[in-house]
Amino acid sequence: MHRPPMKPHPMLYCLLLVARSAGAAEPVALWGRWSANFTAATTVSPETELTVALTSPGGRLHVVAGFWDGAGRWAARFMPDEAGRWRYRTRSEPKASGLDGVEGTFECRPADGAANRFLRHGRVRVASSGRYLEHVDGTPFFWLGDTVWNGPLLSAAADWDVFLEDRASKRFTAIQFVMTAPWRTAPVDADGHVAFTGRERIQIQPAFFARMDARVDAINAQGLLAVPVMLWAIRGAENPGFSLPEDQAVRLGRYLQARYGAHHVVWIPAGDGTYTGEFAERWKRIGRAVFGGVEHAPTVMHPAGMQWPFDGFDEPWMDLIGYQSGHGDD
């Protein structure tokens, strides 16, 4: 079914305000998303690393990783948690003109009266009791999720809007989906793109992520939590969580964290995998490499059906426990 994309509610625009360039920034909503683009002055490797140090109005320092976005472009995204004027400075490794030492400021303002749950209450976190989820202002968050693994990968934009509007109207709060192609049921997205090519040394494909940006933006704009599976991990050469070498799984995971960590998400690092024995050790190492030492949204592993692999899987980067009762469970 197709219909023209719905007209966004004015309040929803607040979530998507971005900095158009390093030199001039629009105001960003508190708990919205700041984004800035940077262009290398000379030809540099897509593997050039960009980090951005952001200083809050109160003097707190946050450091986020940037990401390559095609040609000579890099970008960085951040969810501001304090109203007022923020300052930032970039650093690239190796140093590259246009990427290294770029400074700027942006203004963050509360989105008073916003309809969007995230702008009203802030990001989702695990409550201090460890027993439920809540927003940062203490408002409980009830996870009522719909699983649509291939939705962002294969949907038309208008159909995706219809689906999300329907789920929001029925009081769903979370949308669970697969973030990367290829995987076992989608070798490419609807436009024929893949997230990466190669295996021993993958090459990120930014054209694929332009579609995913729009689909994840739309999830959050409806006040729904995005719950992406980074890498499908069941046995099979078509599943990157199983087939990619460990260092390349880490590389792809870090890219996803950099690109979507400023959205309202809960991460599923691996989907439908076996997390015991050598596979447990593999995913412990991947999780530490992707999430260790950085600010990140809550994470939950998605095990294969009828498995409880979490005895001895007490990792500091893992925030929630997931259990899949399907695949033949009585």
Beta bridges per DSSP with both ends in the chain, % antiparallel, nearest 5:
65
Multiply the residue separation of Asn37 and Lys170 by 0.36 nm, subtract the distance between their alpha-carbon atoms, and state the gained length in nm to one decimal.
44.2 nm
Order 317-325, 48-56, 263-271 from most to least packed using the mean count of other Cβ atoms within 10 Å.
263-271, 48-56, 317-325
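If each DSSP helix of 4+ residues adds -39,500 (n - 2.57) and the sum is divided by the residues in the chain, what number results at 222 nm, nearest 500 deg cm²/dmol?
-6500 deg cm²/dmol
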Cβ under 12 Å from Val188's Cβ, Val188 left aside: what net charge do those residues give with Lys, Arg +1 and Asp, Glu -1?
-2
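How much length is gained on full extension from Asp311 to Glu47, taking 0.36 nm per residue of separation minus their Cα-Cα distance?
Result for the pair: 91.3 nm of gain on full extension.
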Treating only the Cβ of Lys, Arg, Asp and Glu as charged (+1, +1, -1, -1), what charge dipole size does the chain show about its Cα centre? Round to the nearest 20 debye.
680
Taking the chain, the equivalent ellipsoid from its C-alpha gyration tensor has semi-axes in Å, biggest first, of 29, 25, 21
Quickly work out the Ala127-to-Thr185 label distance, labels modelled 7 Å from Cα along the C-beta direction, and quote it in nm with one decimal.
3.3
Take the Cα radius of gyration of the stretch 68-211 and divide it by 2.2 N^0.38 Å, with N its residue count; two decimals is plenty.
1.33
Of Gly145, Ser129, Val294, farthest towards positive along the dipole that unit charges on Lys, Arg, Asp, Glu beta carbons give the chain:
Val294
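Any read-out appearing in this document is the output of simple, stated calculations on the displayed coordinates, not a laboratory observation. Just so it is clear, the structure is predicted and the values come from calculations on it, not from any experiment. When we count neighbours, we look across all protein chains shown, and the Cβ atoms used for this are built from the backbone with ideal geometry, even at glycine.
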